[in-house]
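Following: one structure in structure tokens, then a few remarks.
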There are 2 protein chains.
Amino acid sequence: MMTGEFAAIARIRRRLPAAPEGQVWIGDDAAVLGPVPGRLLLSTDLAVAGIHGDPSLIGLDDFGWRAMAGALSDIGAMGGRADHALCAVAGPPDTDLDLLYDGLAAAASAHGCAIVGGDLSGCDIVVVAVTVAGSVDAEPGPVGRAGARPGDVLFVTGPVGASAAGLRLLRSGAPLAGPGSGPAERLARAHRRPVARLAEGEVARRAGASAMVDVSDGLAADAGHLADASGVGLELHDVPCAEGATPAEALGGGEDYELVIAAPDPGALTAAFAEAGLRPPLPIGRCVADASRRRLGDAELPAAGWEHPFG
Amino acid sequence: MMTGEFAAIARIRRRLPAAPEGQVWIGDDAAVLGPVPGRLLLSTDLAVAGIHGDPSLIGLDDFGWRAMAGALSDIGAMGGRADHALCAVAGPPDTDLDLLYDGLAAAASAHGCAIVGGDLSGCDIVVVAVTVAGSVDAEPGPVGRAGARPGDVLFVTGPVGASAAGLRLLRSGAPLAGPGSGPAERLARAHRRPVARLAEGEVARRAGASAMVDVSDGLAADAGHLADASGVGLELHDVPCAEGATPAEALGGGEDYELVIAAPDPGALTAAFAEAGLRPPLPIGRCVADASRRRLGDAELPAAGWEHPFG
């Protein structure tokens, strides 16, 4: 096998889909794409080995999948389509780039997104930066974090805490029965192979969602980000807990990538999900006028969520 | 001063230009931009401390500038406009993010590009991934590497080797007189603050350039990439050497970000550069039909260029 950066690029290029006629993907200075339908969405997401995934617990393909899913999720949280991704990968010379790209490419493909370029560099630590270019109609336009209003009903697209519970199981070293064969395996898979809610985001946008955010830092933290940006308070009555996850994992565990959706017309949202054949969104509470209010049932909503330390 | 990731994002956001009405830049899940005029260009570029710049020799602002310039240069090499950039930054808790962003923002601003988003993460090593979204007219369209034909005249937009010579001077520890005051200072500046040739790339595209590449790995290597992609041979008669650089630095030194341009109509190219008020492009040779040919004067063109080691 040829070695070195350019040989690695050639190998990676062969395993990815080819560009359609008139476009240039991997192999030139920049990817050349077609006209963008509607408005352009851009998001970039870092995954650092040991922080965003532990390579001693999950495969490098899982690490790649997680990096891609996290980046795609940001486009889903705007109600957009994830069209194209760029993968910048830094790592030591013995990094199994083929395995890492297996996961990146599988995640992109599973979400209908094409990898059109990237970069490779040496580095003592494996770092992946995935950038996704998406698009969204002008009307109804993208759904930001800041549009929620008092009275809007809050939904989450599914139970949360599965990724955190899966990580706990993987760390415990408990033997798993095999791929997908039981509750423990499902939790481990939720950690290794999270799914970005692109279809849910797009349906919610068309159904009149006023604000959305994806659960990447934890439900309590991310719902708080939405409330902060919108200038509203939160009254949650329920946190739907994934089977096998603890309440703390459901509230504080990130990287489930479910969407929190604020809906002025909750009936329209649930009807649109049903019509699209999606799992029903789960009502968790509502937005209130008192912007300082953060309640879960009769208690204060814990503020904890993941934050990187910087001075 | 508030600390932590979100406080850092808030500080960074305040020092960057605000989004125009109807757009969302930093602060939501993804940046929301306007419609893209023409075709979309995407490129991503990694900068790893110790590999793409030595933080003991240059400031973290210089490191940021270099990362941005390298990413912008890829858009210039397609003949495109660099519209928007995303900066993903990983580093230890004591990383001076404000200084790093000073350089990223200064480089973006100097090249007419807006930083519209990014990501922050912890990491034991400073790693910056800059993604640039550009645009280019449909006609004349983007200029790739693969369009050169036998007989095309090759130009470079300026003398090369200055960045490599500047790095040599910085490594030598020779005292520099001050910013920009002499040849040594100019070389050090070429290393610390390289300029992407965006205007040159766009003028060359409109003037009928058949192929372009930026000098990021070294003139010999990058001209070779252009010839490989185009299936042509190279006969170079000259390598314009920056004042103070050695011939080896001119031939093998990367990160000057001058453009190598293949021109079927060299007169049209030089006339277009003159009309645009740009420095005259320097003829360095021509493309020939024998695709295996790589000559510099009477000798073989050295193949050496920078490549990251991967297994």
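Pairs are defined by a Cβ separation below 8 Å, a sequence spacing of at least 6 or placement on different chains, a first member in region B:96-119 that is acidic (D, E), and a second member that is in a helix (DSSP H, G or I); the pairs so defined are B:D96/B:L60; B:D98/B:R11; B:D98/B:I12; B:D98/B:R15; B:D102/B:R15; B:D102/B:D61; B:D102/B:G64. In contact with a Phe, Trp or Tyr (Cβ under 7 Å, 6 or more places away or on another chain), closer than 20 Å to A:A133 by Cα and aliphatic (A, V, I, L, M): does that describe B:V132? No; evaluated as a whole, the condition is false for this residue.
Within region A:1-43, the set of residues being more than 7 Å from chain B (Cβ to nearest Cβ), out of contact with any Phe, Trp or Tyr (no Cβ under 9 Å at 6 or more places or on another chain), open to solvent by less than 50 Å² (accessible area, probe 1.4 Å) and among the aliphatic types (A, V, I, L, M) comprises A:A10, A:I26. What are the residues in region A:60-74 that are open to solvent by 10 Å² or more (accessible area, probe 1.4 Å) and either within 9 Å of chain B (Cβ to nearest Cβ) or at pLDDT below 95 (or both), if any? Matches in region A:60-74: A:D74 only.
Restricting B:G297, B:G267, B:G253 to residues that are of a type in the set (G, A, S) and within 23 Å of the chain's Cα centre (by Cα) narrows the list to B:G253. A search for C-beta distances below 8 Å between a residue of region B:46-70 that is within 19 Å of B:E258 (Cβ to Cβ) and any residue that is part of a loop (DSSP other than H, G, I, E, B) and polar (S, T, N, Q), counting only pairs 6+ apart in sequence or on different chains, returns B:G70/B:S216. Scanning region A:270-282 for residues that are in contact (Cβ under 8 Å) with a residue 12 or more places away in the chain and under 20 Å from the mean Cα position of the chain (by Cα), we see that the one that is most open to solvent (accessible area, probe 1.4 Å) is A:R279. Number of residues in region B:167-200 that are part of a loop (DSSP other than H, G, I, E, B) and in contact with a Leu (Cβ under 7 Å, 6 or more places away or on another chain) equals 2. Within region B:285-302, the set of residues being open to solvent by 60 Å² or more (accessible area, probe 1.4 Å) and within 20 Å of B:A211 (Cα to Cα) comprises B:R286, B:A289, B:D290, B:S292, B:R293. When each of A:A289, A:A248 is tested for being more than 30 Å from A:A184 (Cβ to Cβ) and small (G, A, S), the lone residue that passes is A:A289. Among residues belonging to region B:124-166 that are among the polar types (S, T, N, Q) and either surrounded by fewer than 24 Cβ atoms within 10 Å (Cβ to Cβ) or assigned to a strand (DSSP E or B) (or both), point out the one that is farthest from the other protein chains (Cβ to nearest Cβ). Taking the candidates together, the pick is B:S135.
Selection of first residues in region B:14-36 that are farther than 19 Å from B:G134 by Cα and of second residues that are among the acidic types (D, E) and open to solvent by less than 40 Å² (accessible area, probe 1.4 Å), restricted to Cβ pairs under 7 Å at least 6 apart or on distinct chains, gives the following pairs, ordered by first then second residue: B:D29/A:D74; B:D29/A:D214. Among the residues of region B:76-94, those that are within 7 Å of chain A (Cβ to nearest Cβ) and closer than 19 Å to B:H52 by Cα comprise B:L86, B:A88, B:A90. Can you spot a residue in region B:92-104 that is small (G, A, S) and surrounded by fewer than 21 Cβ atoms within 10 Å (Cβ to Cβ)? No, because not a single residue in region B:92-104 is small (G, A, S) and surrounded by fewer than 21 Cβ atoms within 10 Å (Cβ to Cβ). Yes or no: A:L198 open to solvent by less than 10 Å² (accessible area, probe 1.4 Å) and of a type in the set (A, V, I, L, M, F, W, C)? Answer is no for this residue.
The values are calculated or read from the model by the stated rules, or taken from the named source; none is laboratory data. The model shown is predicted, which means the values in this text are computed figures rather than measured ones. Ideal geometry is used to build each Cβ from the backbone, glycine not excepted, and the neighbour counts take in all protein chains shown. These area figures cover heavy atoms from the full protein model, side chains too; ligands, DNA and RNA do not enter into them. Shrake-Rupley method; radii C 1.70, N 1.55, O 1.52, S 1.80 Å.
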